[in-house]
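S.K.: Here's a structure for you.
Bear in mind that the values in this text are calculations on the coordinates, not laboratory data. Everything quoted here is computed from the prediction, not taken from an experiment. Here the Cβ is made from the backbone with ideal geometry for all residues, glycine too, and neighbour counts use every protein chain on show.
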Amino acid sequence: MYNPIIPVFKRTPKIWQDKPFKNPNSKKVLEGYLDAFDPDFVVPIGKCSKNTFDVSNRKLIPSSEILSGAEENYTPKYGLGIFEILKHFINKELKFIRREPFDFELPDFKKEYALFISSVFVSLPKNINKNFDDNFAFTLGAKKVACSIENYAEFFTPQKLFLRRISSLYLKSSPVRGWDRGQCIFLMDASNSLDIIDYWNLRAVGWAVLLVPNQSANIECTKKLARDFIENNFIRTVITRIFIIIQG
């Protein structure tokens, strides 16, 4: 969840125009993202894998290499894999009977708004998902639960776990520096890929981001999630700021 997604355009989207200033070209956008996030590795995806990019001294990695070997030994070639984290979680948290049991849920969703739901909860490639089903699902008591744009907010109760929560469970992130402290409600369009990328990158930079799609903003469970978020992040200072970022 701390890996940014850097969009590459032939032409910068109109929504990014900031008149009367000149719109930055796609090369400057790419350079800006790289400078801001300063990644160790850059992984070209899709059509970008056929292009060449100036990424300075950073290493370019083909996407096919990242999960190579993960089917056999559950370990990716780069980084720490979800199966390694799950093994640690099982050994640490399931060693004894828990006083307060948790629910491990796998959001089961249809094609509609699949990109949005995947960005919120994480979804695994089919071959990697089979390893999870065969070797971890039973031990974790994982169950598939129907998920949609209307009920996604119901998965965010404290006792519920899903793969993205597990993946960041043992990470210690540095607090966001600055006056705003990095909490925001992001009101966006769940069908817009640029909105989803912006949400992903706000999260990657370390912000605590609550995603509220236009398509379910009036549903009670979504409104309750937003109310709870504001109450939990409300800070009494000389000046109090609650950020609501609106896309579009």
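S.K.: Once you have a ≥ b ≥ c as the square roots of the Cα gyration tensor eigenvalues for segment 97-191, tell me rounded if a/c is under 1.5, and otherwise prolate or oblate according to whether a/b is larger than b/c. Walk me through the intermediate numbers first.
M.R.: Working: a/c = 1.79, a/b = 1.24, b/c = 1.44.
Oblate shape, in that a/c is at least 1.5 and b/c is the bigger or equal ratio.
S.K.: With an 8 Å cut-off on Cα pairs and a minimum separation of 6 or more residues, tell me the relative contact order of the chain in percent. Walk me through the numbers before you get to the answer.
M.R.: Details: 267 pairs, mean separation 48.7, N = 248.
In percent, rounded to a whole number, it is 20.
S.K.: Can you give the local net charge around ASP228? Use residues other than it whose beta-carbon is closer than 13 angstrom to its beta-carbon, Lys and Arg +1, Asp and Glu -1. Before the final figure, lay out the partial values.
M.R.: Numbers: positive: LYS223, LYS224, ARG227; negative: GLU154, GLU220, GLU231.
The answer is 0.
S.K.: Turning to a different aspect of this structure: Tell me, which longest segment in the chain has none of the GluC sites (Glu not before Pro) that fall in DSSP loops with at most 15 further Cβ atoms within 10 Å?
M.R.: Values: sites that count: GLU112, GLU150.
Counting only loop sites that pass the neighbour cut-off, the longest clear stretch is 1-111.
S.K.: Something else about it: Mind putting a number on the dipole of segment 1-86 about its Cα centre? Charges go on the C-beta only, +1 for Lys and Arg and -1 for Asp and Glu, and I need it in Debye to the nearest 20.
M.R.: 780 debye
S.K.: Return the loop-located chymotrypsin sites (Phe, Trp or Tyr not before Pro) in segment 70-131 (DSSP other than H, G, I, E, B) with at most 16 other Cβ atoms within 10 Å of their own Cβ; answer none if there are none.
M.R.: Values: sites: TYR74, TYR78, PHE83, PHE89, PHE96, PHE102, PHE104, PHE109, TYR113, PHE116, PHE121; in loops: TYR74, TYR78, PHE96, PHE102, PHE109, TYR113.
Answer by residue number: TYR78, PHE96, PHE102.
S.K.: I've got another one for you. With point charges of +1 on the Cβ of Lys and Arg and -1 on the Cβ of Asp and Glu, referenced to the Cα centre of the chain, which listed residue (ASN23, TYR33, ALA146) lies farthest in the positive direction of the dipole?
M.R.: Highest projection toward the positive end goes to ASN23.
S.K.: Can I ask one more? What is the sum of charges, Lys and Arg at +1 and Asp and Glu at -1, for the other residues whose Cβ falls under 15 Å from the Cβ of ASP35?
M.R.: Details: positive: LYS27, LYS28, ARG58; negative: GLU31, ASP38, ASP40, ASP54.
Once positives and negatives cancel, what remains is -1.
S.K.: Of ASN201, ASN73, VAL55, which is farthest on the positive side of the dipole of the chain, counting Cα position, with +1 on Lys and Arg Cβ, -1 on Asp and Glu Cβ, and the Cα centre as origin?
M.R.: VAL55
S.K.: In nm, give the distance between the simple-model label positions of LEU115 and PHE234, each being 7 Å from the Cα along the Cα-to-Cβ direction.
M.R.: Computed distance between label sites LEU115 and PHE234 equals 3.6 nm.
S.K.: In this model, which of LYS10/LYS47; LYS110/LYS160; LYS10/LYS59; LYS111/LYS144; LYS59/LYS87; LYS110/LYS144 are farther than 18 Å apart at the alpha-carbon?
M.R.: Numbers: LYS10/LYS47 12 Å; LYS110/LYS160 21 Å; LYS10/LYS59 23 Å; LYS111/LYS144 16 Å; LYS59/LYS87 29 Å; LYS110/LYS144 13 Å.
LYS110/LYS160; LYS10/LYS59; LYS59/LYS87, as the Cα separations exceed 18 Å there.
S.K.: Mind checking the full-extension length gain between GLN17 and THR75? Use 0.36 nm per residue of separation minus the Cα-Cα distance, one decimal, nm. Show your work: numbers first, answer last.
M.R.: Values: separation 58, 0.36 × 58 = 20.88 nm, distance 4.26 nm.
Difference between extended and current length: 16.6 nm.
S.K.: Let me ask you something else. Gain in length, LEU60 to ARG227, computed as 0.36 nm per residue apart minus the alpha-carbon separation, to one decimal in nm?
M.R.: Details: separation 167, 0.36 × 167 = 60.12 nm, distance 4.23 nm.
Difference between extended and current length: 55.9 nm.
S.K.: Turning to a different aspect of this structure: Can you put ILE66, ILE15 in order, fewest other beta carbons within 10 Å first? Working shown, then result.
M.R.: Details: ILE66 16, ILE15 10.
Ascending number of Cβ neighbours within 10 Å: ILE15, ILE66.
S.K.: Consider all pairwise Cα distances in the chain and report the whole-number % of them above 30 Å. Show your work: numbers first, answer last.
M.R.: On the way: 10755 of 30628 pairs.
So the portion of pairs separated by more than 30 Å is 35 percent.
S.K.: Grab the Cα-Cα distance for PHE53 and ARG98, subtract it from 0.36 nm times how many residues apart they are, and report the gain in nm with one decimal.
M.R.: On the way: separation 45, 0.36 × 45 = 16.20 nm, distance 5.03 nm.
Answer, rounded to one decimal: 11.2 nm.
S.K.: Moving to a separate point now. How large is the charge dipole for the chain, taken about the Cα centre, if only the Cβ atoms of Lys, Arg (+1) and Asp, Glu (-1) carry charge, to the nearest 20 debye?
M.R.: Working: 35 positive and 27 negative charges, 85 e Å.
Roughly 400 debye for the chain.
S.K.: Pop a pseudo-label 7 angstrom from the Cα along the beta-carbon direction at both LYS27 and LYS10 and give the gap in nm to one decimal.
M.R.: 1.8 nm
S.K.: While we're looking at this one, here's another question. Give me the tail of P(r) for segment 1-66 as a percent: Cα-Cα pairs with distance above 20 Å.
M.R.: Working: 670 of 2145 pairs.
Result: 31 percent of Cα pairs exceed 20 Å.
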